[in-house]
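> Following this message is one structure expressed as structure tokens.
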Protein chains: 4
Amino acid sequence: MPIVLGDNQYGKAETHVVRVTKQGATHELKDLNVSVALAGDFAETHLTGDNSKVVPTDTQKNTVFAFARDPIGEIEDFGIRLARHFVSEFASVYRARVAIEERAWARIHVKGNPHDHAFVRQGSEKRLAMVTCTDDGTWVVAGLTDLVVLKSAGSEFHGYVKDRFTTLPETRDRIMATSLAARWRYRDAQADWAKSFAGVRRLLLEAFASKHSLSLQQTLYAMGSAVLEAHPEVAEIRMSMPNKHHFVVDLSPFGLANDNEVFYASDRPYGLIEGTVTRDDSPEPGLAW
Amino acid sequence: MPIVLGDNQYGKAETHVVRVTKQGATHELKDLNVSVALAGDFAETHLTGDNSKVVPTDTQKNTVFAFARDPIGEIEDFGIRLARHFVSEFASVYRARVAIEERAWARIHVKGNPHDHAFVRQGSEKRLAMVTCTDDGTWVVAGLTDLVVLKSAGSEFHGYVKDRFTTLPETRDRIMATSLAARWRYRDAQADWAKSFAGVRRLLLEAFASKHSLSLQQTLYAMGSAVLEAHPEVAEIRMSMPNKHHFVVDLSPFGLANDNEVFYASDRPYGLIEGTVTRDDSPEPGLAW
Amino acid sequence: MPIVLGDNQYGKAETHVVRVTKQGATHELKDLNVSVALAGDFAETHLTGDNSKVVPTDTQKNTVFAFARDPIGEIEDFGIRLARHFVSEFASVYRARVAIEERAWARIHVKGNPHDHAFVRQGSEKRLAMVTCTDDGTWVVAGLTDLVVLKSAGSEFHGYVKDRFTTLPETRDRIMATSLAARWRYRDAQADWAKSFAGVRRLLLEAFASKHSLSLQQTLYAMGSAVLEAHPEVAEIRMSMPNKHHFVVDLSPFGLANDNEVFYASDRPYGLIEGTVTRDDSPEPGLAW
Amino acid sequence: MPIVLGDNQYGKAETHVVRVTKQGATHELKDLNVSVALAGDFAETHLTGDNSKVVPTDTQKNTVFAFARDPIGEIEDFGIRLARHFVSEFASVYRARVAIEERAWARIHVKGNPHDHAFVRQGSEKRLAMVTCTDDGTWVVAGLTDLVVLKSAGSEFHGYVKDRFTTLPETRDRIMATSLAARWRYRDAQADWAKSFAGVRRLLLEAFASKHSLSLQQTLYAMGSAVLEAHPEVAEIRMSMPNKHHFVVDLSPFGLANDNEVFYASDRPYGLIEGTVTRDDSPEPGLAW
């Protein structure tokens, strides 16, 4: 039973590049965390330490910085340029994957006016892009993560299986909260990335808010199908939604009622709901994920 | 040299309470992380394990939840009510300190309209209150933390001490970025907390943006004095400002210029600038900190 | 292009259970973080909110606690019992996956003797098990994570591809450090789990230390093949090894030599090397991963 | 009410230096995270941006690396050398404080023998030193943090105050667990640091294990007084001990008894017990803390 090398990839992770674009006194800011992963003809370095086909991760980092000197554009485009570079430049690279996280910044307002070159970071939410390239194709996945949402009405949970380990009471009124991570695969490697992203994000929020929920799964599906209905360029969307439990505190020992007003927000354990919404005629995902 | 008990306090930390207030279909949300610390006549539990004067931390947690059933108001007020309760209710408690972190939530907009009961969390920034009570007084400190700001112009650093370990080049143009933590002490235990907080936060941002900076210390002082000038109710402000270094990437090996456009955002090490701005006639801080 | 539900699963994540086993005055401790994920006939809850086939995640949590009352044994066995329960008990569950992290504790020694019931936690390293069950089979993956290792000699890196973005100097002597995450798939769903784990962990450490390294990839492969050679019960091993860079500090501006003695340990960016070592006749992984 | 500058300090935080010492083929490893903070005549940089008395934090970082080229010794000694340097070298520096965290590494064993130059990191516990210097004195504080301990017997909690918010049942048998942070001040700026540290750490563990506990406060005091009794060089010890709650799971709904065997380990909220043990004739702390 000879031992063999299986799947492998390597690259430079988390190159944190900040790009300032200056139009006179007015500056724009891009804040990106870029991770590169290459796969290809790298058996030799594993088997013998012969690195003659290895593109050092340090070079990958330098490449990210050098490419950032040109206008970055949307992160999907930046990822495509980088991924194609690695595939086309190096014979040993069969597949390049570039994953980018973008943090948003807004202008600080001074006496009501947006400032030219001073910014405040917009929370923990991140916009994501993941681009995969080979000689045969380019796959683009976009997404967002750490979008924390909560609804204090319009959520029920009942009618579930009961067994000998069931103690959960059914409820017609609960808080539903999650920290959304969503990634969607585009049908083609070209689209109006900024417009698509804004549209998808808005629909995810609107569906979360509007859909009366009988389960977090139902909400997930409603969010995903709202996206697919309005965005033909999206082939598939995958979501991960931890159920951030908010338990009604029992105030009866203190002679107090608690009509779903005072909640204890629990950290662990948490429900974790993961699901995909797609089309029955979506193109194959190929190497997208 | 007999061994003795020195300073001590105890309490329940990080009770995460979420309060929903319902006015018909319209809900309001308060998301608080409350920590209580009590000091007083607690030598016996240390020395002999006699707990007859100990208010269990579990009871403190229950108290937070029970008090949250009444309208919470501003976190300074909620802290005052809680702290006074512990001091007045229990003879053994000499000093109660209640520290509260508040996370902000905004309404989700659906088709342009704010939703009644669906919310999205506003980033990592936290509003802070710390209230200290004894029979003799009440001290209120407010603050904010994790407010990340950056300016891509208007920041210089030169003219500093050079010794044999100095390699830093002087600069007339750099990125200045920090994650601001600020806490300010009020002159009295009553003020228009919401208005003060909004005003202080706005001035901190405006001064950061507007003040042409020759050092992060100068910016810190400008921010603090802007607050004190406009807010007579504030006796003192303390700020901690890590210098989140953004280094200009040397692209010359690749034949590229980099005129302060492409930066590497470094995590560690970082400068850490801490300072206080106060008044020469501020009342003594007492037990505020 | 009708919209359809794709892959989905749900469950309770991170139920943190601590089990004390008492033999007279002598106690044993198990510290487990258990995550359950179920897949199966759950389309209805997504599409209509009909939960009649849903086993609540709260029930899953209760089940973990209830099962922890029996002797836990090795985490692989505990995972098998839990996963089989969910598959066999509920018609709607096609596949159950149970992932467990175990933290190690050692006895505190008092005057040289191990204490009966007092323990100190052993660092950040975690032992892992992931068990997947259907009616047709059981797959067991074991692993470890956060095992941080470093060698200060016996590591070179040279002979790699150079292009216009290459600035990294070749080296015959560098620090090599990583935080190892390894997971290995067992050929069968039964083995001497504790003995296998101890053997694999020992071999991973020994190969890291002993193998003269020309690249982190070579070290990864050496570690994996050492495991497969000695452990016929292991079909495949997957490793993720971030290259935790330690850069030689340039002390020449201060008139000091630095012969690989003083290093700056960098956080980001980092190389990330991922690879699999397997056998050419390994059974198919099936649903193991 | 003129506005004035109050307390302030600045410095470079978290310079992560790894020092390899080579005696032939045998290497030793020191892994330190060093933070420097300077206070003194720094009003001008705050008020006008005149940096002529400012020692850049970048220079402080360089100094840490340059000083690391000499044998480091114990971290208390390294801190003293660094702190004295800043005070003696720069007229503007009145007070220098150097805080160091040390991570422990052990040799990897290969076939039972300790390896010359391969190491495995020892968990999350950190050894601490904090040295403060002025022209008038040197103060040394040592410590440790993230030492997680648990006892599954020998801990009771009862006899406490009951009020209308009390629901906690009294217990004669509970798990007591904490993540210990302890810092102790030395009487003088010279001692056998390594021996003192080892002795204090051992006594903290032994007292935690051995002392039958009626409250976490009693355990804290027992731990501190054990240290002071055996270590005359220690003037004072301060401890912070979060009560990491382990709740007995109610298995009665499942028809199962739970005689303190199955516990749920909770993250938040947690009790937080802080206390100091000192001597009635300890020298004043001065600038130690």
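The values are calculated or read from the model by the stated rules, or taken from the named source; none is laboratory data. Remember, predicted model here, so these are calculated numbers, not experimental data. So basically every Cβ, Gly included, is an ideal-geometry build from the backbone, and we count neighbours across all protein chains shown.
> With respect to the numbered conditions (1) out of contact with any strand residue (DSSP E or B) (no Cβ under 9 Å at 6 or more places or on another chain); (2) more than 10 Å from every other protein chain (Cβ to nearest Cβ), which one is the sole condition not fulfilled by C:Gly159?
Just one mismatch for C:Gly159, condition (2).
> OK, next. Checking the structure you have, find out if any residue of the stretch C:141-154 is farther than 30 Å from D:Asp146 by Cβ and over 15 Å from the mean Cα position of the chain (by Cα). Give the steps one after another, and end with the answer.
We begin by selecting, within the stretch C:141-154, every residue farther than 30 Å from D:Asp146 by Cβ; these are C:154.
Filter once more, keeping what is over 15 Å from the mean Cα position of the chain (by Cα): C:154.
For the stretch C:141-154, residues farther than 30 Å from D:Asp146 by Cβ and over 15 Å from the mean Cα position of the chain (by Cα): present.
> Of all the residues that make up the stretch C:2-12, how many are touching a residue at least 12 places away in the same chain (Cβ under 8 Å) and surrounded by fewer than 21 Cβ atoms within 10 Å (Cβ to Cβ)?
Filtering the stretch C:2-12 for residues touching a residue at least 12 places away in the same chain (Cβ under 8 Å) gives C:5, C:7-12.
Remaining after also requiring surrounded by fewer than 21 Cβ atoms within 10 Å (Cβ to Cβ): C:5, C:7, C:9.
Count: 3.
> Quick one: in the stretch A:40-77, which of the residues that are of a type in the set (Gly, Ala, Ser) and out of contact with any Gly (no Cβ under 9 Å at 6 or more places or on another chain) is farthest from C:His158 (Cα to Cα)?
So the first thing to find is which residues in the stretch A:40-77 are of a type in the set (Gly, Ala, Ser), and the list is A:40, A:43, A:49, A:52, A:66, A:68, A:73.
Within this subset, residues satisfying the condition of being out of contact with any Gly (no Cβ under 9 Å at 6 or more places or on another chain) are A:40, A:43, A:66, A:68, A:73.
Working: A:Gly40: 19, A:Ala43: 16, A:Ala66: 23, A:Ala68: 27, A:Gly73: 35 Å.
Top of the filtered list is A:Gly73.
> Take D:Leu144 and decide whether it is within 14 Å of chain C (Cβ to nearest Cβ), within 21 Å of D:Ala37 (Cα to Cα) and among the hydrophobic types (A, V, I, L, M, F, W, C).
Working: within 14 Å of chain C (Cβ to nearest Cβ): yes; within 21 Å of D:Ala37 (Cα to Cα): yes; among the hydrophobic types (A, V, I, L, M, F, W, C): yes.
Yes: the conditions hold for D:Leu144.
> Quick test for you: out of A:Ala207, A:Ala182, A:Ala189, A:Ala177, pick the one residue that is away from chain B (no Cβ under 13 Å), under 30 Å from A:Asp267 (Cβ atoms) and in contact (Cβ under 8 Å) with a residue 12 or more places away in the chain. Break it down into steps so the answer makes sense when it comes.
Working: A:Ala207 fails: away from chain B (no Cβ under 13 Å); A:Ala189 fails: under 30 Å from A:Asp267 (Cβ atoms); A:Ala177 fails: away from chain B (no Cβ under 13 Å).
Matching residue, one of A:Ala207, A:Ala182, A:Ala189, A:Ala177: A:Ala182.
> Among (1) among the hydrophobic types (A, V, I, L, M, F, W, C); (2) touching a residue at least 12 places away in the same chain (Cβ under 8 Å); (3) over 25 Å from D:Lys22 (Cβ atoms), where does C:Ala222 come up short?
Result: C:Ala222 passes all but (3).
> If we keep just the residues of the stretch D:13-39 that are without any contact (Cβ under 8 Å) to a residue 60 or more places away in the chain and closer than 18 Å to D:Ile80 by Cβ, which is nearest to the other protein chains (Cβ to nearest Cβ)?
Per the criteria, the residue is D:Thr15.
> I'd like the residue in the stretch D:80-111 that is under 17 Å from the mean Cα position of the chain (by Cα) and of a type in the set (D, E, K, R) and, out of all such residues, is farthest from C:Phe208 (Cα to Cα).
Among them, the one singled out is D:Arg97.
> Take C:Ala230 and tell me if it is surrounded by fewer than 19 Cβ atoms within 10 Å (Cβ to Cβ), small (Gly, Ala, Ser) and touching a Leu at 6+ places or on another chain (Cβ under 7 Å). I'd like the intermediate steps shown before the answer.
Working: surrounded by fewer than 19 Cβ atoms within 10 Å (Cβ to Cβ): yes; small (Gly, Ala, Ser): yes; touching a Leu at 6+ places or on another chain (Cβ under 7 Å): yes.
It is true that C:Ala230 is surrounded by fewer than 19 Cβ atoms within 10 Å (Cβ to Cβ), small (Gly, Ala, Ser) and touching a Leu at 6+ places or on another chain (Cβ under 7 Å).
> Condition check: touching a Lys or Arg at 6+ places or on another chain (Cβ under 7 Å), at pLDDT 95 or above, of a type in the set (A, V, I, L, M, F, W, C) and crowded, with 19+ Cβ neighbours inside 10 Å. Does B:Ala288 satisfy that?
Details: touching a Lys or Arg at 6+ places or on another chain (Cβ under 7 Å): yes; at pLDDT 95 or above: yes; of a type in the set (A, V, I, L, M, F, W, C): yes; crowded, with 19+ Cβ neighbours inside 10 Å: yes.
Answer is yes for this residue.
> Next question, about the same structure. Which residue out of A:Glu14, A:Glu44 is touching a strand residue (DSSP E or B) at 6+ places or on another chain (Cβ under 6 Å) and in the same structural domain as A:Val120 (by TED's automatic domain parsing)? Let's see the steps before the verdict.
Working: A:Glu44 fails: touching a strand residue (DSSP E or B) at 6+ places or on another chain (Cβ under 6 Å).
A:Glu14 is the lone residue from the list that is touching a strand residue (DSSP E or B) at 6+ places or on another chain (Cβ under 6 Å) and in the same structural domain as A:Val120 (by TED's automatic domain parsing).
> Still on this structure, please answer the following. I want to confirm something. Restricting to the stretch A:260-285 and keeping residues that are touching a Leu at 6+ places or on another chain (Cβ under 8 Å) and facing chain C (nearest Cβ under 7 Å), which single residue is farthest from B:Gln23 (Cα to Cα)? Outline the logic, then answer.
Here is the first cut: in the stretch A:260-285, the ones touching a Leu at 6+ places or on another chain (Cβ under 8 Å) are A:262, A:271, A:273, A:275-279.
Going one step further and asking which of them are facing chain C (nearest Cβ under 7 Å), we end up with A:271, A:273, A:275-279.
Working: A:Gly271: 30, A:Ile273: 31, A:Gly275: 35, A:Thr276: 37, A:Val277: 36, A:Thr278: 39, A:Arg279: 41 Å.
Per the stated criteria, the residue is A:Arg279.
> Something else now. Would you mind telling me which numbered condition in (1) assigned by TED's automatic domain parsing to the domain that holds C:Ala99; (2) closer than 30 Å to D:Thr21 by Cβ C:Leu128 fails?
(2)
> Still on this structure, please answer the following. Considering the stretch B:67-79 alone, what residues qualify as being hydrophobic (A, V, I, L, M, F, W, C), more than 25 Å from B:Phe42 (Cα to Cα) and more than 18 Å from the chain's Cα centre (by Cα)? Reasoning before the result, please.
Our first condition is that a residue be hydrophobic (A, V, I, L, M, F, W, C); within the stretch B:67-79, this holds for B:67-68, B:72, B:75, B:78.
Within this subset, residues satisfying the condition of being more than 25 Å from B:Phe42 (Cα to Cα) are B:68, B:72, B:75, B:78.
Across the stretch B:67-79, the qualifying residues are B:Ala68, B:Ile72.
> So which of B:Ala129, B:Ala118, B:Ala142 is buried (at least 21 other Cβ atoms within 10 Å of the Cβ), at pLDDT 95 or above and in contact with a Leu (Cβ under 7 Å, 6 or more places away or on another chain)?
Values: B:Ala129 fails: in contact with a Leu (Cβ under 7 Å, 6 or more places away or on another chain); B:Ala118 fails: in contact with a Leu (Cβ under 7 Å, 6 or more places away or on another chain).
Answer to the selection: B:Ala142.
> Hey, among the residues in the stretch C:44-82 that are charged (D, E, K, R), within 12 Å of chain A (Cβ to nearest Cβ) and in contact with a helix residue (DSSP H, G or I) (Cβ under 7 Å, 6 or more places away or on another chain), which one's farthest from C:Lys22 (Cα to Cα)?
The residue in question is C:Asp50.
> Check C:Pro269, C:Pro253, C:Pro283 and return the single one that is in contact (Cβ under 8 Å) with a residue 60 or more places away in the chain and not charged (D, E, K, R).
Working: C:Pro269 fails: in contact (Cβ under 8 Å) with a residue 60 or more places away in the chain; C:Pro253 fails: in contact (Cβ under 8 Å) with a residue 60 or more places away in the chain.
None of the others qualify; the one that does is C:Pro283.
> Kindly list the number of the only condition in (1) more than 8 Å from chain A (Cβ to nearest Cβ); (2) closer than 30 Å to A:Pro283 by Cβ; (3) among the charged types (D, E, K, R) that fails for C:Asp7.
Here C:Asp7 clears every test but (1).
> Okay, moving on. Mind telling me which of the residues A:Arg279, A:Arg238 ends up being touching a helix residue (DSSP H, G or I) at 6+ places or on another chain (Cβ under 7 Å), within 20 Å of C:Leu5 (Cα to Cα) and among the charged types (D, E, K, R)? Give the steps one after another, and end with the answer.
Working: A:Arg238 fails: touching a helix residue (DSSP H, G or I) at 6+ places or on another chain (Cβ under 7 Å).
Unique residue meeting the criteria: A:Arg279.
> With respect to the numbered conditions (1) of a type in the set (S, T, N, Q); (2) assigned by TED's automatic domain parsing to the domain that holds B:Pro283; (3) under 16 Å from B:Lys30 (Cβ atoms), which one is the sole condition not fulfilled by B:Gln122?
So the condition that B:Gln122 fails would be (2).
> Select, from B:Phe197, B:Phe165, the only residue that is more than 10 Å from every other protein chain (Cβ to nearest Cβ), modelled with pLDDT of 95 or more and crowded, with 21+ Cβ neighbours inside 10 Å.
Numbers: B:Phe165 fails: more than 10 Å from every other protein chain (Cβ to nearest Cβ).
Just one listed residue meets the conditions, B:Phe197.
> Kindly list, by first and then second residue, each pair from a residue in the stretch A:131-147 that is part of a loop (DSSP other than H, G, I, E, B) to a residue that is surrounded by fewer than 24 Cβ atoms within 10 Å (Cβ to Cβ), limited to pairs with Cβ atoms under 7 Å and residues at least 6 apart or on different chains.
Hits for this filter: A:Asp135/A:Val87.
> Right, something else. Does B:Asp188 satisfy the criteria of being at pLDDT below 95 and among the acidic types (Asp, Glu)? Lay out the reasoning, then the answer.
Working: at pLDDT below 95: no; among the acidic types (Asp, Glu): yes.
Criteria not met by B:Asp188.
> Which numbered condition in (1) under 20 Å from D:Ala13 (Cα atoms); (2) of a type in the set (A, V, I, L, M); (3) touching a helix residue (DSSP H, G or I) at 6+ places or on another chain (Cβ under 7 Å) is the only one that C:Ala265 fails?
Status for C:Ala265: all satisfied but (3).
> Here's a follow-up. Would you mention how many residues in the stretch C:229-275 are within 24 Å of C:Ala181 (Cβ to Cβ) and among the acidic types (Asp, Glu)?
Adding up the residues that qualify gives 5.
> Also, I was wondering about something else. Kindly indicate the residue of the stretch A:241-259 that is within 7 Å of another protein chain (Cβ to nearest Cβ) and under 16 Å from B:Lys30 (Cα atoms) and also farthest from the chain's Cα centre (by Cα) among those meeting that condition.
Going through the qualifying residues, I end up with A:Asn258.
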